[in-house]
Every structure is written in C-alpha cells, then in structure tokens.
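The numbers here are math on the coordinates, done by the rules we state, and not lab data. Worth saying up front: this structure is predicted, and the values here are computed from it rather than measured. Heads up, the Cβs are rebuilt from the backbone with ideal geometry, glycines too, and the neighbour counts pull from every protein chain shown.
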Amino acid sequence: MSVVHEVRKNATRKTAEKSGSTGTQSRLTRAGDRQDTAARLLASSARMSYDPLIEVDWEADIPEGLYGMTPEWCSLYGTELWERMTDEQRSTLTRHEAASISGTGIWFEMILMQMLLRDIYTHDPSTPHVQFALAEIADECRHSTMFARSAQRFGIPSYRPKNWILQSARLFKATASGSLAYGGTLFAEEILDMMQRDFMRDERVQPITRTVSKIHVLEESRHIKFAREECVRRVRNASRFKRARVRLVLGVTAYFVVTSLVNDKVYEAAGLDVTEAKKAAKDNRHYHDKIREGSAKTVEFLDEVGLIGGPSKLLLRRAHVL
Ligand SMILES: [Fe+2]
Ligand SMILES: [Fe+2]
C-alpha cells in the first residue's frame, strides 16, 4: 500500500529535530508558535490520515512462519532460552508480544485522549490548536481500534497492564497536565515509534502487523511534534519546584509504561515456563539495550528541557530507559 512511501516525509521531522539542539536554552526557545504549528499539523492530517478499518486487509491470509514483530525487539531474543525455542514458539511468542505491546499502547492512548480533552476544555475551538488536538484524539480512537482488531485477527486475547497499575493510573489520567502530560506521552509514543519503524520494514514480519505499524508511525509523527512543542512551552516558565515534581512523576510514568510492555502471559502462550522466561527476560542485556535505544530520543529531549534527573533516575535505570 502507498503508506510505505509516505514514511519518507518523516525524514523531514528527523532532520528538523537534529538541527541545532544545543542545551536547554536552545530547546526552550525553539518551540514554534502554537497556532502556526497546529495549522501545519492540521494540513498534514488532511493530506495523510488513514482509516485502518478500510486500509488494512483484515481478511488476508496469515502466512505461516512469519514473526509477529521484528524478533530483535523480543524480550527473549539473544538469550539461551531463545536458542532452545522452536521456530513455531518464536513466531507465537513474537505475535503475542506484539499484541501485548499494542495493548499497552491502547492503555496509554486512552490516558492521552483524556489528558488532551482536559487540556483544551477551556480553549477556543475555532483555533488550529484545539482543532489539531481533536484530530489527534480522533487518530488515537482509530489506533486503539486498529490495535485491538489486529490482536483479534491473530486470535490473541486482550493483553493489558496489571489491574493495580490500570487502577492506580486513574489518578495520573485524571490530573496530569502540561509538561507532565506531554512528557509522559513522549515516552509512550516514541518507544512504540522506534519499534514500529523496524516492524513496518521487516519482511520477516506478518503483513498485517507491518501495515498497522506503517499507519501508526505516519500518524504519530504529528503527535510527537505536537507533544514536544507543547512540552517545551509548558515547562519554559515552570518553577524549580514544579520541574522537580514533573521529573519525579515522569520517571514513575515511564517506568510503568516500559515495564508493562510485555505481559507475563505471552510466555505461557508460547508454551514456555513463565518463571524461567521472566528471569531470562529480566537478565537479557540485549533487550535492555533495545529499550535504551527506543527511549534515547525522548531521554535526550527531556534532558535538554530539564525534565530528567533527581531520584526518578533510579527508576529509569531499573526500567533500562537510562
Ligand atoms: Fe496512536
Ligand atoms: Fe499518538
């Protein structure tokens, strides 16, 4: 499908991000005008948005022997246990792990939709800023349906974070705002983005997963731009105390997003001993490196705007984000 060609447009964003990021001050003065940015993002959204219920061929056959995601992103890849697994176990595990990652994606998208809606509640709906926020919410509605539909197509149950995490996050989703809301969003969106850029190009991966990943990567590039600029605007005038509080809660949020990516039940689905598999994943240096690689852009950005540091660094290290 044509979406693959559109990926090149994301290169523009990458180049813009690479140019001239020298320290907190430059980052903090570099956010564009809020309405100008939103107007550009709205125009991009009008040119390039996808309805996954139409764009994805949900009835297509599911080829045997393909992975559910790029195996190098699998929590067991590179371990001695992975070497012992059959090809069938590897393909089953990667399908379930991809569904689990998407399940965490749905969870955070639901949180994000609520944060966005609260954020624009009192703003003038005739502004590009509010209209883009509404477009983003509409994107996320479609994404969550797309992720759920994809797992269903593979006959995989809905994986969600542990119930106590779902319940505890109610406070965050009901209260987080400003740089905390947008910083947290970046952690979730960018790690998914890094993985899905690999999934969509990888010929070893199931076609449905590749198409779903392409659609998500394309639409998320606008969200990431929006969240980064909004984060900069909102942290610019924050007091030292407020920044310290945001750093702390942001670290906790990132910890739970990253550690919720892989549900324990995916190992059971692949016929593995859950205790052994969890231990292998916990000690898997390769996986830790991938998590760090996937979070690197977010960490660099948040560090430059002064939102990484303090006690939450311990949690970020424990989650292998740092
Ligand atoms: Fe999304
Ligand atoms: Fe998003």
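Overview of results
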item	result
Qualifying residue in the range 132-147 (condition: assigned to a loop (DSSP other than H, G, I, E, B) and not acidic (Asp, Glu))	no
Test: residue in the range 278-286 that is of a type in the set (Asp, Glu), surrounded by fewer than 18 Cβ atoms within 10 Å (Cβ to Cβ), outside any helix (DSSP H, G or I) and on the phi < 0 side of the Ramachandran plot	yes
Selected residue [without any contact (Cβ under 8 Å) to a residue 60 or more places away in the chain, within 14 Å of ligand 1 (Cβ to nearest atom) and among the aliphatic types (A, V, I, L, M)] from 148, 188	148
Checklist (1) farther than 27 Å from residue 52 by Cβ; (2) in contact (Cβ under 8 Å) with a residue 12 or more places away in the chain applied to residue 211, failing item	(1)
Subset of the range 87-113 that is among the aliphatic types (A, V, I, L, M) and either away from ligand 2 (no atom under 13 Å from the Cβ) or outside any helix (DSSP H, G or I) (or both) - its residue that is nearest to residue 281 (Cα to Cα)	93
Checking residue 177 against (1) in contact (Cβ under 8 Å) with a residue 60 or more places away in the chain; (2) within 12 Å of ligand 2 (Cβ to nearest atom), the condition it does not meet	(2)
Residue list for the range 209-237, filter: buried (at least 24 other Cβ atoms within 10 Å of the Cβ), more than 14 Å from ligand 1 (Cβ to nearest atom) and either hydrophobic (A, V, I, L, M, F, W, C) or not in a helix (DSSP H, G or I) (or both)	231, 235
Conditions (1) in contact with an Asp or Glu (Cβ under 6 Å, 6 or more places away or on another chain); (2) away from ligand 2 (no atom under 16 Å from the Cβ): number failed by residue 224	(2)
Any hit, the range 127-140, residues being touching a helix residue (DSSP H, G or I) at 6+ places or on another chain (Cβ under 8 Å), among the charged types (D, E, K, R) and away from ligand 2 (no atom under 14 Å from the Cβ)	no
Some residue of the range 134-154 being farther than 21 Å from residue 50 by Cα, touching a Lys or Arg at 6+ places or on another chain (Cβ under 9 Å) and buried (at least 19 other Cβ atoms within 10 Å of the Cβ)	no
Residue within the range 160-171 that is away from ligand 2 (no atom under 12 Å from the Cβ), under 18 Å from the mean Cα position of the chain (by Cα) and among the aromatic types (Phe, Trp, Tyr) present	no
The range 296-312: number of residues that are surrounded by fewer than 19 Cβ atoms within 10 Å (Cβ to Cβ) and either under 11 Å from residue 254 (Cβ atoms) or within 19 Å of the chain's Cα centre (by Cα) (or both)	4
Qualifying positions in the range 238-273 - charged (D, E, K, R) and either within 16 Å of ligand 2 (Cβ to nearest atom) or not in a loop (DSSP other than H, G, I, E, B) (or both)	240, 242, 243, 245, 247, 265, 268
So residue 305, is it within 16 Å of ligand 1 (Cβ to nearest atom) and touching a Gly at 6+ places or on another chain (Cβ under 9 Å)	no
Sole exception among (1) in contact with a His (Cβ under 9 Å, 6 or more places away or on another chain); (2) within 12 Å of ligand 1 (Cβ to nearest atom) for residue 104, by number	(1)
